[in-house]
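For reference, the structure discussed in these notes is given below.
The values are calculated or read from the model by the stated rules, or taken from the named source; none is laboratory data. What you are looking at is a predicted structure, and each value in this text was computed from that prediction instead of being measured. Cβ coordinates were reconstructed from backbone atoms using ideal geometry, including for glycine residues, and neighbour counts include every protein chain displayed. Keep in mind that these areas ignore ligands, DNA and RNA; they rest on the heavy atoms of the full protein, side chains included. Shrake-Rupley method; radii C 1.70, N 1.55, O 1.52, S 1.80 Å.
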Amino acid sequence: MESLAPLPVAIPLLAAAVLVGAGPILPRWARDTAAIATAAAVAAIAAVLTARSEAGPLVYWFGGWRPRGEIAVGISFAIDPLGAGLATLVASLVAAALAFSWRYFKEVGALYHGLMLVFLAAMAGFCLTGDLFNMFVFFELMSVAAYALTGYKSEEVESLEGALNFAIVNSVGAFLVLIGIALLYGRTGALNLAQIGRALAIGPPDGLVVAAFALIASGFLVKGAAVPFHFWLADAHAVAPTPVCVLFSGVMVELGLYAVARVYWTIFSGPIHPGSGAVHGVLLAVGTASALLGAVMCLLQRHLKRLLAFSTISHGGTIAIGIALLRPSGLAGAAIYVLGHGLVKGGLFLGAGIVLHRLRSVDTIDLHGKGRRLPYTGVLLALGGLGLAGLPPFGTWLGKTLIEEEAHRLGLSWIAPVLVLSSALTGAAVLRATGRIFLGLGPAPSENSSGPKGDEGGETAHGHGHTPMFMLGPAALLVLGSLLTGLVPGLGSRTHSAAVRFQDRDGYAAAVFGKPPAARPAAGPASPQVPVAPGLVSGLGAVVLALLLLFEHRLPEPSRRVLERPLRRATVPLRHLHSGHVGDYVAWLVLGVAAIGAALTALVR
């Protein structure tokens, strides 16, 4: 079974080379079919690897260069259910985005298909690799493909500016990761995750170890769009082609957070023990700030794609909080949340693409009532908004509730209100936009205050009179998949078992070095009791808040002032904070790295 391990990377790279090389002589339908089939094949292989790795990590050594004793000579893929499951989600979203692109773009060159498949290969390799330097290599390959896809509409200045901001900020993050890797290599002489972890576990943490973790974690948090590293995300989403945004929001951000968890548990959990509270405190602060700031920024947007981008920042904060608990149940909740959020956010972006395809705009104010002839798309976006709010049985509900329950057991009862509030705010923002566009609710456009508009006429050739099933179908399947995730029997207990193995540093190292397998960790509860009340509260709260925002102009003056005052007070400073200037973004990045380093130093010592 290990022989399948390199295929999720090799197949899309080979297909990308063939499509780009033969693109001029292949008809459009052949390129689209080949690209979709490639992504579907990768999804199937990754799903098989996910199932087979539940019995223990699958380790593949490239070129047969196996370790000598506990010294890694070659490069490995070390596959566990969480990493392989994330690769499955990656490939599924790429397949959906490519299927949507078939009818979305009137004309698209072979370079687009090639970049999408290279992006897929890089993300899959990032999920599966057991080598720290190769993780960086896949990080960079992923980033280069993402920059090119962001600026794919190279004839538009806004696309190039968004791609430039994205490239600069994420390149700084990559340099941070590379410097951290250099520090670890200088200390241990190793690049294999398991070997570095074994070498560092024998002694207490010193300044070099703390600095290395601060740099690597900060670099990956840039990719994870965590506060204060998040500024690039909305700019990139606003200008990137809509099918590409499915991957940015649905899975690329989550990969950054996955990397933080991976390097901590395989490398740094020995010297920086979970009991020290250092990693717990830092990630908890970052996650809480991301959840709340992203949710508030959601409500301030009229550009539908920027709105969804800020909701990704907020929901990334929820995932970071689950990781920060440093317990299997919290990590299991975060993993399920990644699945539920990735599917529903992919469906929402495809729904936004349908709106742009039909109506030539994603400005929720100018589109007031113009979406009445798109009932299916309206239902799709409404369901997606409820999914973001964490309404049962969406996967977001199951994952968020597991995180809340584990936080309560740890005495962190304040986390539940934070997650309920952030979920309700992001869900309300989407539901408000849906009410405006598809039902004509709320004040007419002339009665709204001005703000950044959402016109993106250049992404499609012109407004269209119908929605092809190749566009509506993938969007509906993604939202339906998220809706059904919470109903999958045994998902909670299986993910809990996978999380226990993910956090077992010694068991991971034993598998990599071919030692006798450690005892299988205890499985989670066979039928975990997951309460539905928090999900109902956040879902109902999203609906109520959306209605209040839509009908605030009809409220009595005192009630309107109470509702508007907090948003008005937040609007000006938050808009100034998100200035669009890359120099400001880099300054905040440097400040964030310094703050994380200082906090880790203080807490570890």
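Estimated at the nearest 10 Å², the accessible area of His273 is 110 Å² with a 1.4 Å probe. Residue farthest toward the positive end of the dipole of the chain, with Cβ of Lys/Arg at +1 and Asp/Glu at -1: which of Ile79, Val137, Val286? About the Cα centre, the residue reaching furthest to the positive side is Val286. Considering only Phe213, Ile323, Leu111, and ranking their Cα positions along the charge dipole of the chain that arises from unit charges at the beta-carbon of Lys, Arg, Asp and Glu, the one farthest toward the positive end is Ile323.
The residues of the stretch 264-418 present an accessible area of 23 Å² per residue when probed at 1.4 Å with all protein chains retained.
Per-residue extension of 0.36 nm, minus the Cα-Cα distance of Met469 and Trp65, leaves a gain of 140.6 nm for this segment. Reported to the nearest whole Å, the Cα centre-to-centre distance from the stretch 206-260 to the stretch 327-359 is 16.
Of the residues Trp102, Trp65, Trp414, ranked by 1.4 Å probe accessible area with the largest first, the sequence reads Trp65, Trp414, Trp102. Dividing the summed helix terms, -39500 (n - 2.57) for each DSSP H run of n ≥ 4, by the number of residues in the chain produces a 222 nm estimate of -23000 deg cm²/dmol to the nearest 500. For the chain, the share of accessible area belonging to carbon and sulfur comes to 67 percent (1.4 Å probe, ligands and nucleic acids excluded). Residues Arg432, Arg554 ordered from highest to lowest accessible area at a 1.4 Å probe: Arg554, Arg432. Listed values (1) 23; (2) 66; (3) 38 include one computed from this model; for percent of Cα pairs over 39 Å apart that value carries the label (1). Remark: relative contact order (the chain) = 16 percent; criterion is Cα-Cα distance under 8 angstrom and separation of 6 or more residues.
Taking GluC sites (Glu not before Pro) as exposed when DSSP calls them loop and at most 12 other C-beta atoms lie within 10 angstrom, the chain has its longest site-free stretch at 156-605.
Accessible area per residue was computed with a 1.4 Å probe on protein heavy atoms; Phe551 scores about 60 Å².
Is there a pair in Lys370/Lys400; Lys345/Lys370; Lys400/Lys515; Lys106/Lys345; Lys106/Lys370 whose C-alpha atoms are over 28 Å apart, and which pairs would that be? The pairs that break the limit, which is 28 Å between Cα atoms, are Lys370/Lys400; Lys400/Lys515.
Positive end of the dipole of the chain (Cβ unit charges, origin at the Cα centre): among Gly173, Pro8, His341, the Cα lying farthest that way belongs to His341.
Taking the longest Cα principal axis of the chain as reference, the axis of helix 7-22 is set at about 60 degrees. For the stretch 100-254, the Kirkwood hydrodynamic radius comes to 16.6 Å, computed from all pairs of different C-alpha atoms. Across the stretch 85-98, rounded Karplus estimates of 3J(HN,Hα) from the backbone phi angles (6.51 cos²θ - 1.76 cosθ + 1.60, θ = phi - 60°) give x, 5, 4, 4, 4, 4, 5, 5, 5, 5, 4, 5, 5, 5 Hz, Gly and Pro being marked x.
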